[in-house]
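Okay, structure first, notes after.
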Amino acid sequence: MKTSDIALLAQKAGELLIKSGAEIYRVEETINRICSAYGACGDAFALPTGIFITVKGKCGDTITLTVRIKERVNDFSKISKVNNFSRTVSKSPMSFGEAMECLISIEEEKHYPTAIRAIVSGAAASVFSLMFGGGFTEAMIALLSGSLIFIVINNIRHILTNQIFEYLISGILCGIIVLIAGKIFPQLYAYSIIIGSVMMQLPGVAITNGIRDGISGDIVSAIARILEALLWVTALGTGVAVVLIFR
Amino acid sequence: MDTIFTFLLGFLGSMFVSILYHTEKKLFLFCGLSGLVGWIIFYTINSRTSRVILATFLGAIAVALYSEIMARIKKTPATIFLITGIFPIVPGVGAYNTIISIVNNNLSEAAVNGFITSACAGALAFGIITVSSLFRLINTSNKKNLT
């Protein structure tokens, strides 16, 4: 196989992994594994916002590719499929066409339907509001607001210029719902509703992943991830707090 | 009864998170169990000794052990069980509390909350890394024995 083809395959796999929220070491490992499966020597430097790949072919030719990654969502089924793909390739290398087709079919895989995800995010919100001291009423309001926030964000995501806005708007929405609910039921424990409805957006996992990256030696991506997480939670908290001033 | 209900919440929370993160259908239950394991350890230690950071560390170790074992049984990356499993014990709420204290001009509380948040995140990461390094060590020594 041509060196450029190997580089393209490795780039596609790495891009898919980062876009699905995989760890940095897994991305770099996968790229190296794919390259060595085809007899080339690959070296990759991955960041949460982009990848640099250099592939050295058998005849001494070198190819470098750069990919910029703008958007990341958590998608575990893609991570696990790309992982299986790289294992299959390193056991029995397939042709370029086949391998590329395989990766593209992984990329185009459909998510669960939006309606189901909206209901599930509402259910998750009610579970977390119960976990943080809410009662039945709080859980029901969190169910509503969790689903509502998901639906609104899902529909306006394409017109927003960056992810920070998404978090700001979730915070504002959540604040408005708590404000209205507080007028109807004055006895509400508002904190549990807020935590429940924004739990999915809170960057606890992002901060932890950042520190994990740092411990495993990827210092640059650790700083990038932690900074991103701080920006998210600031936007979210500001959104909630700005609305709740009127309480 | 109350405790069992609380434990159930950990299970449900992780399972719903796994659906939102597009895990494959056959793994939903195992992601939920991962959350249950972590949440039971975290909740019991936290309510008995009220040492949040220690409880987070031990919870992380429990989740990481479960995930590494499950990953070998189910032949999927351990991250899937790990991320969904640590969701109930992750310090996202602490980060939120920090920002809210800053907005309310309650800076001493913000400092405390911020410190607890970063300490919890560090404890989580250290717990996970400890276990996964251990498993990598076992893996590489096994491979050396085979060849």
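For the stretch A:202-232, the set of residues classified as of a type in the set (A, V, I, L, M) and touching a residue at least 60 places away in the same chain (Cβ under 8 Å) consists of A:220, A:224, A:231, listed by residue number.
Among the residues making up the stretch A:185-214, those that are over 30 Å from residue A:27 (Cα atoms) and either open to solvent by less than 20 Å² (accessible area, probe 1.4 Å) or more than 13 Å from chain B (Cβ to nearest Cβ) (or both) are A:185, A:186, A:187, A:188, A:189, A:190, A:192, A:193, A:194, A:195, A:196, A:197. Considered as a group, the residues in the stretch A:17-38 that are away from chain B (no Cβ under 13 Å), open to solvent by 10 Å² or more (accessible area, probe 1.4 Å) and in contact (Cβ under 8 Å) with a residue 24 or more places away in the chain include one that is farthest from the chain's Cα centre (by Cα), and that residue is A:38.
In the stretch A:215-247, what residues are of a type in the set (Gly, Ala, Ser), over 18 Å from the mean Cα position of the chain (by Cα), facing another protein chain (nearest Cβ under 8 Å) and over 16 Å from residue A:176 (Cβ atoms)? Before you say what the answer is, go through the steps one by one.
Step one: filter the stretch A:215-247 for residues of a type in the set (Gly, Ala, Ser), giving A:216-217, A:221-222, A:224, A:229, A:235, A:237, A:239, A:241.
After this cut, where a residue has to be over 18 Å from the mean Cα position of the chain (by Cα) as well, the list is A:216-217, A:237, A:239, A:241.
Applying the additional criterion that residues be facing another protein chain (nearest Cβ under 8 Å) yields A:216, A:237, A:241.
Residue satisfying the conditions is A:216 alone.
Inspect the stretch A:197-220 for any residue being touching a strand residue (DSSP E or B) at 6+ places or on another chain (Cβ under 8 Å) and not in a loop (DSSP other than H, G, I, E, B) and give the result as yes or no. Scanning the stretch A:197-220 turns up at least one residue that is touching a strand residue (DSSP E or B) at 6+ places or on another chain (Cβ under 8 Å) and not in a loop (DSSP other than H, G, I, E, B).
Selection of the stretch B:16-35 for residues being within 9 Å of chain A (Cβ to nearest Cβ) and buried (at least 19 other Cβ atoms within 10 Å of the Cβ) yields B:16, B:17, B:18, B:19, B:20, B:21, B:22, B:23, B:27, B:31. Before we move on, is residue A:86 polar (S, T, N, Q), farther than 30 Å from residue B:12 by Cβ and open to solvent by less than 40 Å² (accessible area, probe 1.4 Å)? Yes, satisfied.
Across the stretch B:68-87, the number of residues qualifying as more than 7 Å from every other protein chain (Cβ to nearest Cβ) and either in contact (Cβ under 8 Å) with a residue 40 or more places away in the chain or touching an Asp or Glu at 6+ places or on another chain (Cβ under 9 Å) (or both) comes to 8. Could you please let me know if residue A:104 is in contact with a Gly (Cβ under 9 Å, 6 or more places away or on another chain), among the hydrophobic types (A, V, I, L, M, F, W, C) and more than 13 Å from every other protein chain (Cβ to nearest Cβ)? The answer is no for residue A:104.
Look at residue B:133 and say whether it is away from chain A (no Cβ under 12 Å), small (Gly, Ala, Ser) and out of contact with any Asp or Glu (no Cβ under 7 Å at 6 or more places or on another chain). Don't jump to the end; show me each part of the working.
Values: away from chain A (no Cβ under 12 Å): no; small (Gly, Ala, Ser): yes; out of contact with any Asp or Glu (no Cβ under 7 Å at 6 or more places or on another chain): yes.
No.
The residues of the stretch B:47-78 that are assigned to a loop (DSSP other than H, G, I, E, B), open to solvent by 70 Å² or more (accessible area, probe 1.4 Å) and over 29 Å from residue B:114 (Cα atoms) amount to a single one, B:75.
From the list A:133, A:182, the lone residue that is on the phi > 0 side of the Ramachandran plot and open to solvent by 20 Å² or more (accessible area, probe 1.4 Å) is A:133.
Could you list, in sequence order, the residues of the stretch B:89-103 that are outside any loop (DSSP other than H, G, I, E, B) and either within 7 Å of another protein chain (Cβ to nearest Cβ) or within 22 Å of residue A:127 (Cα to Cα) (or both)? Steps first, please.
Looking only at the stretch B:89-103, we keep the residues that are outside any loop (DSSP other than H, G, I, E, B), and these are B:89, B:92-103.
Across the stretch B:89-103, the qualifying residues are B:89, B:92, B:93, B:94, B:95, B:96, B:97, B:99, B:100, B:103.
Is there a residue in the stretch A:158-174 that is within 30 Å of residue B:47 (Cα to Cα), more than 10 Å from chain B (Cβ to nearest Cβ) and touching a residue at least 12 places away in the same chain (Cβ under 8 Å)? Checking the stretch A:158-174: at least one residue is within 30 Å of residue B:47 (Cα to Cα), more than 10 Å from chain B (Cβ to nearest Cβ) and touching a residue at least 12 places away in the same chain (Cβ under 8 Å). Among the criteria (1) hydrophobic (A, V, I, L, M, F, W, C); (2) within 12 Å of chain B (Cβ to nearest Cβ); (3) part of a helix (DSSP H, G or I); (4) within 17 Å of residue B:21 (Cβ to Cβ), the one residue A:139 does not fulfil is (4). Of the residues examined, residue B:111 is not one that is buried (at least 19 other Cβ atoms within 10 Å of the Cβ) and either among the small types (Gly, Ala, Ser) or more than 16 Å from the chain's Cα centre (by Cα) (or both).
Can you give me the number of residues within the stretch A:90-130 that are in a helix (DSSP H, G or I), closer than 24 Å to residue B:87 by Cβ and free of Cβ contacts under 8 Å to residues at least 12 places away in the same chain? Working first, answer last.
First, pick out the residues of the stretch A:90-130 that are in a helix (DSSP H, G or I): A:90-91, A:96-107, A:114-130.
Then drop every residue that is not closer than 24 Å to residue B:87 by Cβ, which leaves A:114-130.
Still in the running and free of Cβ contacts under 8 Å to residues at least 12 places away in the same chain: A:115-116, A:120.
Number satisfying all stated conditions: 3.
The values are calculated or read from the model by the stated rules, or taken from the named source; none is laboratory data. Note that this is a predicted model, so its numbers are computed, not measured. Here the Cβ is made from the backbone with ideal geometry for all residues, glycine too, and neighbour counts use every protein chain on show. Note: accessible area is taken over every heavy atom of the protein model, side chains too, but ligands, DNA and RNA are not part of it. Shrake-Rupley method; radii C 1.70, N 1.55, O 1.52, S 1.80 Å.
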